[in-house]
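Encoded as C-alpha cells, the structure appears first; notes follow it.
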Amino acid sequence: MLIYKIFRTPEWDELNRAGVTAGAPVDVADGFVHFSTAETVAETAAKHFAGEDGLILVACEAGAMGDALKWEVSRGGVAFPHLYRDMRLTDVAWSRPLPLENGVHRFPERLA
C-alpha cells in the first residue's frame, strides 16, 4: 500500500541531499513523520498547505517501513500512518510535483 508525504521544495531538496529527514517542523515537534493515505492526502494538502506552491508529493510503500510505521487515529477518527524513525530517501517509491492551479493542488490522476 502506498502512503503519501507532502514536502515543500527545500525539505525535499534536503532529503535528497542528506538521504534522511526527520520531516517538516511539525513532524519534528510531534516526534514522528506524518503521512496520508490516498483517501486523505488531498484534504491534508488543503488543510496544511493551502495556497502553497512548489510542493512535492512523495509516495512510499507502507509495508517496507516495518514496525516503525504506526497507524494512529487522528482527525475525524481516521487512522493515519505515522513513521517513528527518520524517513529515508530509500523509502521513496516515486515523487511528483504537486502544482497549485486556481488555488487548488492538482494531484496525479492515479495515486499508484
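Dipole of the chain, Cα-centred, from +1 at each Lys and Arg C-beta and -1 at each Asp and Glu C-beta, to the nearest 20 debye?
Details: 11 positive and 16 negative charges, 18 e Å.
Taking the Cα centre of the chain as origin, the dipole is about 80 debye.
Taking θ = phi - 60°, what integer Hz values does the Karplus form 6.51 cos²θ - 1.76 cosθ + 1.60 yield along the range 52-65, in sequence order, with x for Gly and Pro?
For the range 52-65, the Karplus-derived couplings read 8, 9, x, 9, 10, 9, 10, 9, 10, 7, 4, x, 7, 8 Hz, x marking Gly and Pro.
Given only helices, namely DSSP H runs of n ≥ 4 each adding -39500 (n - 2.57), what is the per-residue ellipticity at 222 nm of the chain, to the nearest 500 deg cm²/dmol?
Here the helix-only value at 222 nm equals -5500 deg cm²/dmol.
Over the chain, what is the relative contact order in whole percent, taking alpha-carbon pairs under 8 Å and six or more residues apart? Show your work: numbers first, answer last.
Details: 188 pairs, mean separation 39.2, N = 112.
Averaging sequence separation for qualifying contacts and normalising by length gives 35 percent for the chain.
What's the ranking of 104-110, 15-21, 81-87 by average number of surrounding C-beta atoms within 10 Å, highest first?
Going from most to least packed, we get 81-87, 15-21, 104-110.
Over the chain, with a Gaussian network built from C-alpha contacts below 10 Å, which listed residue (Gly76, Gly23, Gly63) shows the highest mean-square fluctuation?
For the chain, modelled as a Gaussian network with Cα springs under 10 Å, the answer is Gly76.
Would you please give the FRET efficiency between Arg75 and Met1, computed as 1/(1 + (r/R0)^6) with r the Cβ-Cβ distance and R0 = 25 Å, to the nearest 0.05? Don't skip to the end; give the middle numbers.
On the way: r = 19 Å, r/R0 = 0.78.
E(calc), rounded to 0.05, equals 0.80.
Expressed as a whole number of Å, what is the distance separating the alpha-carbon centroids of the range 69-97 and the range 1-60?
Taking the Cα centre of each part, the range 1-60 and the range 69-97 sit 9 Å apart.
For Asp30 and Glu109, what does the FRET efficiency come to when R0 = 41 Å and r is the distance between their Cβ atoms, rounded to the nearest 0.05?
Working: r = 31 Å, r/R0 = 0.76.
With a Förster radius of 41 Å, E is 0.85.
Considering only DSSP states other than H, G, I, E and B, which GluC sites (Glu not before Pro) in the range 2-40 qualify as loop sites with at most 11 other Cβ atoms within 10 Å? Present the calculation step by step, with values, prior to reporting the outcome.
On the way: sites: Glu11, Glu14, Glu39; in loops: Glu39.
Here the sparse-neighbourhood loop sites are Glu39.
Could you check the spin-label model distance between Asp13 and Ser95? Points 7 Å from the Cα along Cα→Cβ, value in nm.
With each label point 7 Å from Cα toward Cβ, the separation is 1.1 nm.
Using a Gaussian network for the chain with springs between C-alpha atoms less than 10 Å apart, which of these wobbles most: Val33, Val78, Val58?
Looking only at Val33, Val78, Val58, the largest GNM fluctuation is found for Val78.
We did not get these values from a lab; they are worked out from the coordinates using the rules stated. None of these values were measured; they are calculated from a predicted model. Counting neighbours? That spans all protein chains shown, and the Cβs are built from the backbone with ideal geometry, glycine included.
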